[in-house]
Amino acid sequence: MSDFDSIVVGGGLIGAAIGYGLARQGQKVAMFDEGDNAIRAARGNFGLIWVQGKGANNPDYAAWTRKSARQWHEFSQELTELTSIDLAFEHNGGFDFCLSEAEFTQRHALMEKMHSDSQGEFTFKMFRNDELMKLLPNIGPTVTGASFSSWDGHVNPLYLLKALHKAFKQLGGKLITSTVTDIRYKGRAFQVSTDTSAVACEKIILAAGFSNKTLAPKVGLKVPIYPQRGEILVTEKIKPFLYYPTGFVRQTDEGGLLLGDSHEDVGFDEGTNINEMQQIAKRATAIFPCLKNVKMIRAWGSLRILTKDGLPIYDLSESCPGAYAFSSHSGVTLAAVHALDVASYVVKESSLPSSLECFSAKRFDV
Amino acid sequence: MFRSIKHSQGELITIYFEGRALSVSKDHNVATALLEADINGFRKTTLNNENRGPYCMMGVCFDCLININDVDNQQSCTTQISDGMKIKRQIMNTPGKDE
Amino acid sequence: MNSAEYDIIIIGAGPAGISAAALADQHKASVLVLDENCAPGGQIYRAIEKNQKNENEWLGHSYQDGLPLVEAFRRSRVNYQHSAAVWHLSSDKVVRYSVNGKSHLVKGRQILVATGAQERPFPILGWTLSGVMSAGAAQILLKESGVVCENAVFIGTGPLLYLIAHQYISAGIPIKAIIDTTPRGNYLRAIKYGFGALRSIKSILQGWRWKREILKSGTLYISNINGVRINGSDSVESIEYFQKGKWGNISCKHVFLHQGVVPEINTSLSVGCDKSWNERQACWTIDVDQYGQSSVEGISIAGDASSIAGGVAAAQRGSIATLNMLYNLDLISSNDREILSKPFKKKLSKEMIARSFIDTLFKPHLRYRVPQNSKTIVCRCEEVTLAQIKESIGLGCKGPSQLKSFTRCGMGPCQGRLCGLSVTEILAKELKIGEEQVGYYNIRPPIKPVTLAELASLDEF
């Protein structure tokens with residue numbers, strides 16, 4: 001007799017979205033989350049719901065991303081109704097800047113490819129500097145142009161996580177703050193142990209970020225992931241001036257700016273590197289020179305959970321049916337499909353659809 | 001009521017608070033100058049539109065932020081006044097809200 | 001630039017910093033002092049050079065004690081950079097600082113963090129209203145600009161509160177009321193350290209003198225209360241205090257709050273120094289050995305920046321730290337370090353003896369450290385109330401970092417300086433675990449806000 005229908009290991013954006021999705025389907029769910037000092041990719045978040053550029057070389061991933069973007073509005077509304085938390089969700093499109101003619105040409109080609117790969121579903125528009133000025137009056141003169149897609153949007157990622165946890169709790173989900181040390185598959189059920197106790201469940205979903213790497217083999221899966229650091233600078237609150245999210249600069253609903261980003265190979269170091277911070281500041285002030293006298297008040301480094309090909313992992317165990325492992329570095333964009341679709345697959349189909357088969361970690365076995 | 005207890009104020013200069021001319025001792029920082037002029041509240045907070053003024057006077061609390069010569073977020077307690085300085089209250093609107 | 005420009009870089013020009021600098025200079029070390037203020041003295045001896053005239057005698061004797069220190073500092077050959085805000089300190093001893101909107105970087109062989117103390121937060125209902133300031137702010141207004149506030153209400157506990165009240169009364173400035181929040185039980189608890197207190201009878205007597213003077217002046221003095229709050233819609237209109245089962249009301253326009261000082265720990269934490277919770281002082285302290293050496297090689301902490309002990313103790317610790325740094329730099333032998341540090345250590349232990357007594361006597365009541373009323377704002381910058389914090393704890397937040405994520409507490413420009421302590425204690429009480437286990441915000445650079453232009457234009461290192 002199981003204590004829970006499902007257990008989700010990990011309370012970050014993937015875990016909490018799945019947990020909420022399962023509870024929403026009426027399952028009795030427990031979510032395991034580590035303490036305050038855990039590495040949390042969910043904390044390091046720009047807040048973008050980004051479609052342009054994603055899956056440029058993998059139409060399946062691009063389609064999956066678009067599916068989530070399409071459902072975000074409904075997903076956000078439901079969460080707000082349930083929890084009274086306003087996610088500050090906006091879906092009016094976004095820009096990715098090109099800082100040279102070569103970049104612009106490359107970007108244009110990429111956008112065209114995504115457009116044709118999606119049979120015209122993905123749409124975009126290229127803007128040159130003078131055209132950009134009409135929508136982004138503060139754009140700097142050295143910005144060659146940008147790609148714009150109405151598919152893009154943004155949200156407050158911290159409120160999103162909080163709302164998912166609150167909704168999870170409201171729907172009867174149980175949060176257990178403890179580190180999972182062992183998982184055993186016995187008699188078509190799973191025994192999940194911590195240092196102090198053990199609980200049983202019929203289905204287990206591993207969404208524990210880097211811990212997935214060590215937990216997955218316990219249920220016959222593998223999750224080959226590695227950390228990549230991205231740094232973000234946060235500025236003081238200023239008067240609203242940027243009404244669209246962009247890949248490098250985003251003004252939050254509270255008025256502060258998030259400036260990104262970097263791609264660093266530093267193992268599990270969540271600190272900051274002054275040279276990277278400088279690059280980010282240089283780029284941000286080139287894009288919007290009006291930010292020169294705005295002050296940075298915080299900076300942090302966060303670890304992206306990456307696979308070799310940059311695509312997510314969705315896997316169902318063959319040796320331990322009922323065990324799933326999910327990993328992605330786009331926890332915000334994919335939150336809608338995680339909560340609405342993936343949770344549904346787990347509950348109803350007891351399997352993953354063929355459209356997600358390509359994201360199995362088996363693709364790394366060559 | 002803030003007032004000076006010095007025998008002599010020393011040299012005075014003129015600064016402007018929202019158009020109003022103030023004659024202030026040139027050694028003052030902006031916060032002190034405004035407190036002496038009985039200005040109540042230097043800014044409104046972003047979220048709840050609360051009226052805030054200086055708290056610590058030593059650059060730690062960031063509550064004394066004010067607009068100086070058209071630049072927002074200046075810490076008035078660590079900024080010296082200068083002749084002709086134009087100061088006004090800082091009011092941040094949340095994006096999307098109509099105030 | 002990969003080589004150090006200075007033997008020692010000192011951050012802060014209060015008693016610890018300037019004593020350290022003068023001594024290092026005497027031993028021919030090259031020294032750079034970076035001071036956020038525009039003149040040496042820190043907060044305790046702030047503006048001491050311009051307040052030398054007799055008209056300011058009522059500032060108190062202990063204030064004048066700082067003058068010889070500042071004079072010795074000025075006579076030395078150290079490179080003194082005033083109005084410098086240090087915003088980045090790295091473990092390879094590079095310091096980045098901003099002067100007049102332009103940033104610079106410099107490398108030292110040894111670093112001394114002497115950034116001193118800050119006021120303990122005083123989170124009561126209404127503490128964010130315009131018109132409420134700290135007693136330290138009143139001191140700064142007085143010392144720096146000769147400005148006072150008439151008919152204000154002073155609320156709190158601690159020597160600094162009595163000092164400013166004494167200064168006001170001596171100068172004939174009317175005070176509306178003094179609300180003393182010293183917990184009655186503290187007097188009995190402090191007697192345990194009475195023997196130690198007798199060794200420092202001078203400062204104890206001074207305190208009693210000031211208190212008597214307050215009572216003699218006819219200023220309304222209220223003590224033994226069980227709660228206090230500040231009322232007003234747009235600014236302070238009145239204060240209320242709870243005594244003998246009912247609320248008393250005093251109308252006023254200005255309030256000065258004070259309940260002790262705590263170390264300014266952000267600078268030390270940003271470079272990775274270890275910290276510990278001090279139960280007696282109810283605050284975080286930076287771990288240092290007997291010479292002020294922190295857990296990060298080449299970085300020492302002196303004065304109130306590591307743990308609160310007052311201005312005289314700070315001067316000793318600054319000197320002791322310098323001797324250790326000189327030893328690290330091979331400028332003096334270990335034997336010299338022992339011998340030369342003896343007089344400073346002796347004076348320091350004298351200061352520390354009265355410390356337990358003072359700490360215990362003036363330890364603020366828990367109700368003023370962990371707010372009672374849910375509507376109380378805990379994080380001033382982000383306007384986060386106790387109610388929101390409790391809600392997030394209910395959602396599973398187990399520490400300051402998660403709390404930050406869920407509430408934005410600690411994300412503002414003050415970088416947690418005015419809410420961090422409260423958050424640690426609130427979490428400890430709600431989760432029923434020790435403060436050491438709760439921990440503190442993850443402090444990262446910048447240590448102080450810095451413009452993007454300055455960050456972008458700083459020379460590559």
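The values are calculated or read from the model by the stated rules, or taken from the named source; none is laboratory data. For clarity, every value in this text was computed on a predicted model and none was experimentally measured. Cβ placement follows ideal geometry from the backbone for every residue including glycine, while neighbour counts extend to all protein chains displayed.
Condition (residue is under 30 Å from A:V143 (Cα atoms), away from chain B (no Cβ under 14 Å) and out of contact with any Lys or Arg (no Cβ under 7 Å at 6 or more places or on another chain)) applied to segment A:212-225: is it met by at least one residue? Looking through segment A:212-225, none of the residues is under 30 Å from A:V143 (Cα atoms), away from chain B (no Cβ under 14 Å) and out of contact with any Lys or Arg (no Cβ under 7 Å at 6 or more places or on another chain).
Only a single item in (1) in a strand (DSSP E or B); (2) more than 14 Å from chain B (Cβ to nearest Cβ) is not met by A:R250, and it is number (2).
So is A:Y243 in a loop (DSSP other than H, G, I, E, B) and aromatic (F, W, Y) or not? Yes: the conditions hold for A:Y243. Among the residues of segment C:214-222, not a single one is modelled with pLDDT of 95 or more, within 14 Å of another protein chain (Cβ to nearest Cβ), crowded, with 17+ Cβ neighbours inside 10 Å and not in a helix (DSSP H, G or I). Of the strands (runs of 3 or more DSSP E) lying entirely inside segment C:128-170, those containing at least 1 residues that are touching a strand residue (DSSP E or B) at 6+ places or on another chain (Cβ under 8 Å), of a type in the set (G, A, S) and more than 8 Å from chain B (Cβ to nearest Cβ) span C:152-157. Restricting to segment C:283-298, and then to whatever is of a type in the set (A, V, I, L, M, F, W, C) and in a loop (DSSP other than H, G, I, E, B), can you tell me which residue is farthest from C:Q316 (Cα to Cα)? That would be C:V296.
Just one of the numbered conditions (1) part of a loop (DSSP other than H, G, I, E, B); (2) under 29 Å from C:W87 (Cβ atoms); (3) not polar (S, T, N, Q) is not true of C:R280: (2). Scanning segment C:100-127 for residues that are more than 8 Å from chain B (Cβ to nearest Cβ) and under 19 Å from the mean Cα position of the chain (by Cα) yields C:L112, C:V113, C:A114, C:T115, C:G116, C:A117, C:R120, C:P121, C:F122, C:P123, C:W127.
Within segment A:306-342, the set of residues being closer than 22 Å to A:I183 by Cα and assigned to a strand (DSSP E or B) comprises A:I313, A:Y314, A:D315, A:L316, A:A323, A:Y324, A:A325, A:F326, A:S327.
Taken over segment B:75-90, residues that are among the polar types (S, T, N, Q) and more than 10 Å from every other protein chain (Cβ to nearest Cβ) amount to 3.
Taking segment C:171-181 as the range and being in contact (Cβ under 8 Å) with a residue 60 or more places away in the chain, more than 13 Å from chain B (Cβ to nearest Cβ) and not hydroxyl-bearing (S, T, Y) as the test, the residues that pass are C:A177, C:I179. Looking at C:E436, C:E391, just one residue is surrounded by fewer than 23 Cβ atoms within 10 Å (Cβ to Cβ) and more than 10 Å from chain A (Cβ to nearest Cβ), and that residue is C:E436.
The number of residues in segment C:430-454 that are more than 16 Å from A:G256 (Cβ to Cβ), of a type in the set (A, V, I, L, M) and assigned to a helix (DSSP H, G or I) comes to 3.
Taking the residues in segment A:277-303 that are more than 9 Å from every other protein chain (Cβ to nearest Cβ) and under 22 Å from the mean Cα position of the chain (by Cα) as candidates, determine which candidate is surrounded by the most Cβ atoms within 10 Å (Cβ to Cβ). Restricting to residues being more than 9 Å from every other protein chain (Cβ to nearest Cβ) and under 22 Å from the mean Cα position of the chain (by Cα), the top hit is A:L303.
Residues that are crowded, with 16+ Cβ neighbours inside 10 Å and either within 30 Å of C:V271 (Cβ to Cβ) or within 14 Å of another protein chain (Cβ to nearest Cβ) (or both): does segment A:332-349 have at least one? Yes: one or more hits. Being closer than 16 Å to C:V378 by Cβ and either more than 7 Å from chain C (Cβ to nearest Cβ) or among the aromatic types (F, W, Y) (or both) is the filter here; which residues of segment B:48-67 pass it? If the condition is that a residue be closer than 16 Å to C:V378 by Cβ and either more than 7 Å from chain C (Cβ to nearest Cβ) or among the aromatic types (F, W, Y) (or both), then B:Y55, B:F62 are the ones that fit. In this structure, A:S328 does not qualify as among the hydroxyl-bearing types (S, T, Y) and on the phi > 0 side of the Ramachandran plot. A:R229 meets all of the listed conditions (1) within 14 Å of chain B (Cβ to nearest Cβ); (2) surrounded by 22 or more Cβ atoms within 10 Å (Cβ to Cβ); (3) not aromatic (F, W, Y) but one, namely (1). Of the residues examined, C:L427 is not one that is facing another protein chain (nearest Cβ under 10 Å), surrounded by 21 or more Cβ atoms within 10 Å (Cβ to Cβ) and in a loop (DSSP other than H, G, I, E, B).
Residues in segment A:298-325 that are over 22 Å from A:A16 (Cα atoms) and basic (K, R): 2 in all. When segment C:279-329 is limited to residues that are among the β-branched types (V, I, T) and over 17 Å from C:S91 (Cβ atoms), the one that is surrounded by the most Cβ atoms within 10 Å (Cβ to Cβ) turns out to be C:T322. Among the residues of segment A:5-37, those identified as surrounded by fewer than 24 Cβ atoms within 10 Å (Cβ to Cβ) and either free of Cβ contacts under 8 Å to residues at least 60 places away in the same chain or more than 13 Å from C:G396 (Cβ to Cβ) (or both) are A:D5, A:R24, A:Q25, A:G26, A:Q27, A:K28, A:D36, A:N37. Please indicate, with yes or no, whether at least one residue in segment C:89-108 is assigned to a loop (DSSP other than H, G, I, E, B), within 25 Å of C:K347 (Cα to Cα) and in contact (Cβ under 8 Å) with a residue 60 or more places away in the chain. There is no residue in segment C:89-108 that is assigned to a loop (DSSP other than H, G, I, E, B), within 25 Å of C:K347 (Cα to Cα) and in contact (Cβ under 8 Å) with a residue 60 or more places away in the chain. Hey, among the residues in segment A:10-37 that are within 14 Å of chain C (Cβ to nearest Cβ), in a loop (DSSP other than H, G, I, E, B) and out of contact with any Ser or Thr (no Cβ under 8 Å at 6 or more places or on another chain), which one's nearest to C:S405 (Cα to Cα)? So, considering only residues that are within 14 Å of chain C (Cβ to nearest Cβ), in a loop (DSSP other than H, G, I, E, B) and out of contact with any Ser or Thr (no Cβ under 8 Å at 6 or more places or on another chain), the one nearest to C:S405 (Cα to Cα) is A:G12.
Taking the listed residues C:G396, C:G410, the one that is assigned to a loop (DSSP other than H, G, I, E, B) and modelled with pLDDT under 95 is C:G396, with no other qualifying.
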